[in-house]
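Asks: First the structure, then my questions, so here it is.
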Amino acid sequence: MDKIIIVAIDGPAGAGKSTIARSVAARLGFLYIDTGAMYRAIALWALRTGTSLEDMHRLEALAVSADLQLDGPGKISLNGEDISDAIREPAISEAASKVAAIAGVRRALVEKQQLLGESTSVVMEGRDIGTVVFPEAQVKFYLDASANIRADRRAQELADRGQEVSVDDLVREIEDRDRRDRARAHSPLRQAEDAVYLDTSSLSPVEVEDEILRVVRARTSNGKSLTRQHVE
Ligand code: C5P
């Protein structure tokens, strides 16, 4: 059996993690896991059920009992319902970063994430993959970009979904979210010491992907543990 390889991709909102992680996973033949979608799902459930975002115990209970299925790239269902589009609303981004500050919610979701990476090679993206979820991951990246570029990218992503949002509002939203993600007591966003830092501001997604694949090959026994399909 092939050795299991974990590729961890962390970084702030809008650094290009999702597009890049999804494509890198497809090129390696690994499972793609968007952990942000899991925090968003809990936020959506909380908002729908009128659960206060301060109610730590109730939010933890939601995270423990949530049946989350990652049904393919960009797809997620909560308790059997496809919520892939519903979780992309800006109100959910903000609520997700609030529920993500709660230790019990993180414990429950980290456990689910670790289970997903137990049986198969994965490209997992989030904020704490290289530091907390898989500190022993063979390859770790920290993707970054300036706040303005990140807001432009988010605006484009939302426009592609038919949502018009002002870039100024997005800059503010992204900066608020980053502040919360970096300042929280539990698993704050930070670069793992052994992560490769990539500033994607002036790079195309393909350039970032190529660099990531180059490092993955170099770090995984010169590609020996990867099948030909894994390395293209
Ligand atoms: O990646 P995305 O922007 O979809 O994540 C939404 C929110 O979920 C982030 O702002 C962050 O607060 C939280 N998150 C986290 N840890 C992760 C992934 C996401 O705290 N591993």
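The values are calculated or read from the model by the stated rules, or taken from the named source; none is laboratory data. Because the structure is predicted, anything quoted here is derived from the model rather than measured. Heads up, the Cβs are rebuilt from the backbone with ideal geometry, glycines too, and the neighbour counts pull from every protein chain shown. These area figures cover heavy atoms from the full protein model, side chains too; ligands, DNA and RNA do not enter into them. Shrake-Rupley method; radii C 1.70, N 1.55, O 1.52, S 1.80 Å.
Asks: Please work out if I9 is exposed (fewer than 15 other Cβ atoms within 10 Å of the Cβ) and in the same structural domain as A145 (by TED's automatic domain parsing).
Replies: No; evaluated as a whole, the condition is false for this residue.
The rows are residues; the columns are (1) under 25 Å from I174 (Cα atoms); (2) more than 13 Å from the ligand (Cβ to nearest atom); (3) touching a Lys or Arg at 6+ places or on another chain (Cβ under 7 Å); (4) at pLDDT 95 or above.
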position: R40; (1), (2), (3), (4): yes, no, no, yes
position: L47; (1), (2), (3), (4): yes, yes, no, yes
position: A91; (1), (2), (3), (4): yes, no, no, no
position: Q114; (1), (2), (3), (4): no, no, no, yes
position: G130; (1), (2), (3), (4): yes, no, yes, yes
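Asks: In segment 41-51, which residue that is outside any loop (DSSP other than H, G, I, E, B) and more than 20 Å from R107 (Cβ to Cβ) is most open to solvent (accessible area, probe 1.4 Å)?
Replies: Here the answer is R48.
Asks: Scan segment 161-200 for residues that are open to solvent by less than 80 Å² (accessible area, probe 1.4 Å), more than 11 Å from the ligand (Cβ to nearest atom) and in contact with a Ser or Thr (Cβ under 9 Å, 6 or more places away or on another chain) and report the count.
Replies: Number of matching residues: 4.
Asks: Scan the strands (runs of 3 or more DSSP E) fully inside segment 52-132 and keep the ones with 1 or more residues being without any contact (Cβ under 8 Å) to a residue 40 or more places away in the chain and outside the structural domain of V216 (by TED's automatic domain parsing).
Replies: 68-72, 75-78
Asks: Take A26 and tell me if it is within 14 Å of the ligand (Cβ to nearest atom) and either in contact (Cβ under 8 Å) with a residue 24 or more places away in the chain or within 30 Å of D199 (Cβ to Cβ) (or both).
Replies: The answer is no for A26.
Asks: Still on this structure, please answer the following. Can you tell me which residue among G72, G50 is more than 16 Å from the chain's Cα centre (by Cα) and not hydrophobic (A, V, I, L, M, F, W, C)?
Replies: Going through G72, G50 in turn, just one is more than 16 Å from the chain's Cα centre (by Cα) and not hydrophobic (A, V, I, L, M, F, W, C): G50.
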